[in-house]
1. Can residue 53 be described as modelled with pLDDT under 95, farther than 23 Å from residue 17 by Cα and either of a type in the set (A, V, I, L, M) or more than 20 Å from the chain's Cα centre (by Cα) (or both)?
2. Please specify each residue of the range 215-242 satisfying the condition of being in a strand (DSSP E or B) and at positive phi.
3. Pick from 89, 126: which is among the aliphatic types (A, V, I, L, M), surrounded by 20 or more Cβ atoms within 10 Å (Cβ to Cβ) and more than 13 Å from residue 38 (Cβ to Cβ)?
4. Just the residues that are outside any loop (DSSP other than H, G, I, E, B), among the β-branched types (Val, Ile, Thr), over 12 Å from the mean Cα position of the chain (by Cα) and under 20 Å from residue 238 (Cα atoms), please, taken from the range 123-152.
5. Do we find that residue 38 is hydrophobic (A, V, I, L, M, F, W, C) and assigned to a helix (DSSP H, G or I) in this structure?
6. What number of residues within the range 17-36 are in contact with a Phe, Trp or Tyr (Cβ under 8 Å, 6 or more places away or on another chain) and closer than 19 Å to residue 266 by Cβ?
7. Check residue 81 against each of (1) touching a residue at least 60 places away in the same chain (Cβ under 8 Å); (2) not in a strand (DSSP E or B) and name the one condition it does not meet.
8. If residue 28 satisfies all but one of (1) modelled with pLDDT of 95 or more; (2) more than 17 Å from the chain's Cα centre (by Cα); (3) surrounded by 15 or more Cβ atoms within 10 Å (Cβ to Cβ); (4) under 21 Å from residue 158 (Cα atoms), what's the number of the condition it fails?
Amino acid sequence: MCGIAGIINEKGMDVSGKLIDMLSLIQHRGMDASGIAVYGSGDKATLRVAISKPNLHEPLLNIVKNYAGVLSEQMSEPGGRVSYSEMALKIDDTAIPALHKAVNGVDGLYIHSLGRGMNVYKENGLISNLTGMHNIDRKTATHGIGHVRMATESAEDVNAAHPFVSPFFPELSIVHNGQFTNYFNIRRRLESKGAQFKTLNDSEVASHLIAWAMSKNGGDLEDALNYALRELDGIFCIIASTSKQFGFVKDKLGIKPLLLLQNDDITLIGSEQIEFTAVYPDVYADEVEPGEVKVWNI
């Protein structure tokens, strides 16, 4: 059991704060890790990397400088075992996928996010760890997704926390509740297409699958989510986002809960009614139908 959340407000709001509030209300669904991906306006490219092995900071900088100019960098070591580098970059959009793949190709380096107006923050343990260990940008944003994790199939590693991203389509992030029964078959197929798997979390296969589809279909999230619905077996709900699109897919059995609320200028998606009270104190959200795919353009 995990918990997921999503917000769209095209007029802008503190999406980070509201996602954290929503996830706090469903902390009981997952206490092993938490994370959010937030999208806002602006054309600054930001890279966030987890460094889990020693002596990799200089190699990281060397890789980045092959593809981009480093405008600034902030380093942090909140937990002692893993350090984080956040860089503002001057980079051509066409170089972003290659940089993403090059960094992820190094054992001990893991890109948490790389894109324009996009930041992913994730951490082991309770949400209080996420907010206490990371300097989360609370500026106005338009949309975002979040997750609380109960580890079932893979280690309690910060890199196995959600949201997941992929070099196939770097601005895409996904969160997932459920299990994929054909994980190994899909993983082998994606590896043959060049996917680099950094964890054993089955949710990572969904991020690569959807991102690969978007890399082939011109960036159409709705088409990619319908593709995922056809290709993935199991019981699952996925919320996915890019800078310009936001959507969800629910498997055809419909066992995992996913609720949708559209009220005024705000759209909310989540696992339980209670989390919507973080935005509206008295609401009733509708259950998403089995096999449903829905996408918003932002």
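1. In short, yes.
2. 234
3. On inspection, the qualifying residue turns out to be 89.
4. 142
5. no
6. Here the count works out to 2.
7. With respect to (1) touching a residue at least 60 places away in the same chain (Cβ under 8 Å); (2) not in a strand (DSSP E or B), residue 81 is out only on (1).
8. (3)
The values are calculated or read from the model by the stated rules, or taken from the named source; none is laboratory data. Given the structure is predicted, the values throughout are model-derived calculations rather than measurements. For neighbour counting, all protein chains shown are included, and Cβ atoms are generated from backbone atoms with ideal geometry for every residue, glycine included.
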